[in-house]
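The values are calculated or read from the model by the stated rules, or taken from the named source; none is laboratory data. Since the structure is predicted, the reported quantities are computational estimates derived from the model, not experimental observations. Using ideal geometry, Cβ is built from the backbone for each residue, glycine included, and neighbour counts are taken over all protein chains shown.
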Amino acid sequence: MGRKSGDSAVILFGFPHCGDHSKSYLTWSRGLPARVRFQHIELSQARLSMREVSSELWEQALHETCQYVKQQLMPSEEYVFIGHCWGSLLAFEASHRLKAEGIAEPRHLFLSGCSAPHLLRPRSVLNRMQEDAPEIGCLPVEEYRGQVNREPLRARFSVFTGKKDEHALVDHLSEWSRYTAKICDVHVCEGDHHYWQSDSNKWLQLAQTIVEREYLM
């Protein structure tokens, strides 16, 4: 259970993703309770995508993310991460990087539209056609090389996907549980990988409900 305190507050850090860097959070974040502060992470490489996960651009994005989080956090302040597609992977890797730097881990990771790291496959393996550019953009060009033999995070995971999302299959989402020492719950929405474009408030509001129930009451 989260900390129960009348004075408690939490920061929600929203991660950008392919095709939409802030709009999917905009309306929803304006309606958050006073004790929830939303911070959208801005990257200098605004058009970064899953195709850069093994490149210097990815390392730069990871560094920028961690620097931004550390600048925003007050001592002992609790925070959570929320991301879609490669934003989920960046949130996951940033959690490990912050932990390695001696920063308290996020209390919760809300991960949408992204397979567990060991299930990510480069587009060449899946024999994608070049014409399928919107879909290809959400797959790594090369094999994703996450650091091995790391201890599981102590953040709770909530994982989301669309029923027809080919990049985060419903039957595979529970695999994220091997990366946390806490609960990993799975939520399935209508639609494919782009379900957040038509119904982003559904998963964002569920994330808000969990934050309020677990960390603010």
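Just one of Gly146, Gly83 is at pLDDT 65 or above, within 18 Å of Arg51 (Cβ to Cβ), touching a helix residue (DSSP H, G or I) at 6+ places or on another chain (Cβ under 6 Å) and surrounded by fewer than 17 Cβ atoms within 10 Å (Cβ to Cβ); which is it?
Going through Gly146, Gly83 in turn, the sole match is Gly146.
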Inset, instruction - Could you check how many residues of the stretch 54-109 are under 21 Å from Trp176 (Cα atoms), of a type in the set (A, V, I, L, M, F, W, C), in contact with a Lys or Arg (Cβ under 7 Å, 6 or more places away or on another chain) and not in a helix (DSSP H, G or I)? - result: 1
Inset, instruction - Select from the stretch 189-207 the residues that are at pLDDT 75 or above, surrounded by 14 or more Cβ atoms within 10 Å (Cβ to Cβ) and of a type outside the set (D, E, K, R) and list them in ascending order. - result: Cys189, Trp203, Leu204, Leu206, Ala207
Inset, instruction - Filter the stretch 32-48 down to residues that are free of Cβ contacts under 8 Å to residues at least 40 places away in the same chain and within 18 Å of the chain's Cα centre (by Cα), then give me how many there are. - result: 11
Legend entry - All positions within the stretch 15-54 that are small (Gly, Ala, Ser), out of contact with any Cys (no Cβ under 8 Å at 6 or more places or on another chain), modelled with pLDDT under 85 and surrounded by 15 or more Cβ atoms within 10 Å (Cβ to Cβ): Gly19, Ser24, Ser54
